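Reading through the structure tokens given below for one structure.
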Amino acid sequence: MAKIFCVANQKGGVGKTTTAVNLAAGLAQHAQRVLLVDLDPQGNATMGSGINKADLTASVYEVLLGLSDVATARKTSETGNFDVLPANRELAGAEVEMVELDNREKRMKEALAKVDAEYDFVLIDCPPALSMLTLNGLCAAHGVIIPMQCEYYALEGLSDLVNTIKKVHAKLNPDLKIIGLLRVMFDPRMTLSQQVSAQLEQHFGDKVFKTIIPRNVRLAEAPSYGMPGVSFDPAAKGAQAYIAFGAEMVERIQTM
């Protein structure tokens with residue numbers, strides 16, 4: 001049975017897609033069967049996995065509307081060794097079209113149930129807003145991985161996200177919980193980064209992942225080559241950190 005996790009944060013530009021793509025590749029390196037679901041209409045996780053969103057005959061849009069299924073729409077990331085349920089601009093229209101549909105918050109959950117036995121991990125890259133798409137991701141997931149930068153505004157956004165997760169847990173998905181907070185784009189030279197990091201550890205305890213992802217140019221360059229950073233430059237500090245994070249995730253699942 002696959003463990004399904006949303007990579008979510010209501011604040012934009014915090015490295016959600018970078019985390020989703022590189023965690024997928026990192027888990028694949030630890031011999032895990034991984035499906036990455038791109039729920040963002042920008043399709044960045046799709047492109048970052050080496051899949052051309054302009055060439056798609058079916059995508060997550062068709063899956064949510066019941067016009068296709070996951071097995072038909074998925075693609076394989078040759079550079080990352082994981083499967084991708086891709087997205088493109090069409091997905092932006094799904095928000096409006098799903099309003100009329102039955103059980104609209106749980107359509108992703110129902111679609112993923114059909115391929116449950118084929119994967120160890122399903123990672124869902126959510127858009128940076130609490131939309132019908134994000135809600136579908138949260139309703140399908142067992143838990144949420146929250147990537148965040150160690151800066152003041154990130155703490156503000158975190159409290160909003162925690163409240164959202166509590167509401168979804170109470171009303172729509174009793175299985176949903178926070179798996180952990182991942183510190184990303186970390187610069188140890190900045191005093192503020194260290195202070196916020198210490199605050200997170202103090203407040204959230206073992207919910208804060210031990211792995212810290214450093215600020216790394218090679219991770220930022222990788223998507224332009226259509227590759228996860230883990231495959232693009234395996235020796236880079238950022239790539240090494242995501243491989244370590246993959247190992248930590250596998251370990252954490254065994255204790256869940």
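The values are calculated or read from the model by the stated rules, or taken from the named source; none is laboratory data. On a predicted model such as this, the values are computed, not experimentally measured, just so you know. Positions of Cβ are generated from backbone atoms using ideal geometry, with glycine treated the same way; all protein chains shown enter the neighbour counts.
Structure notes:
- Here Val115 fulfils each of the conditions (1) closer than 25 Å to Arg74 by Cα; (2) at pLDDT 95 or above; (3) crowded, with 20+ Cβ neighbours inside 10 Å apart from (3).
- The range 85-96, residues that are surrounded by 14 or more Cβ atoms within 10 Å (Cβ to Cβ) and either in contact with a Gly (Cβ under 9 Å, 6 or more places away or on another chain) or among the acidic types (Asp, Glu) (or both): Pro86, Ala87, Asn88, Glu90, Leu91, Glu95
- Set Pro174, Pro188: member being under 27 Å from His142 (Cα atoms) and more than 18 Å from the chain's Cα centre (by Cα): Pro174
- Just one of the numbered conditions (1) within 19 Å of the chain's Cα centre (by Cα); (2) in a helix (DSSP H, G or I); (3) not acidic (Asp, Glu) is not true of Val84: (2).
Let's see how each residue does on (1) free of Cβ contacts under 8 Å to residues at least 12 places away in the same chain; (2) surrounded by 13 or more Cβ atoms within 10 Å (Cβ to Cβ); (3) aliphatic (A, V, I, L, M):
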site	(1), (2), (3)
Leu138	no, yes, yes
His142	no, yes, no
Cys150	no, yes, no
Leu172	no, yes, yes
Leu182	no, yes, yes
Gln202	yes, no, no
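- Unmet criterion (only one of (1) among the hydroxyl-bearing types (Ser, Thr, Tyr); (2) in a loop (DSSP other than H, G, I, E, B); (3) under 17 Å from the mean Cα position of the chain (by Cα)) for Thr46: (2)
Rundown of residues vs (1) at negative phi; (2) at pLDDT below 95; (3) surrounded by fewer than 24 Cβ atoms within 10 Å (Cβ to Cβ), yes/no style:
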position: Gln10; (1), (2), (3): yes, yes, yes
position: Gly15; (1), (2), (3): no, yes, yes
position: Ala20; (1), (2), (3): yes, no, no
position: Arg33; (1), (2), (3): yes, no, yes
position: Leu36; (1), (2), (3): yes, no, no
position: Leu39; (1), (2), (3): yes, no, no
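- Single residue of the range 116-149 satisfying the filter (assigned to a strand (DSSP E or B) and not β-branched (Val, Ile, Thr)) that is farthest from Lys11 (Cα to Cα): Phe121
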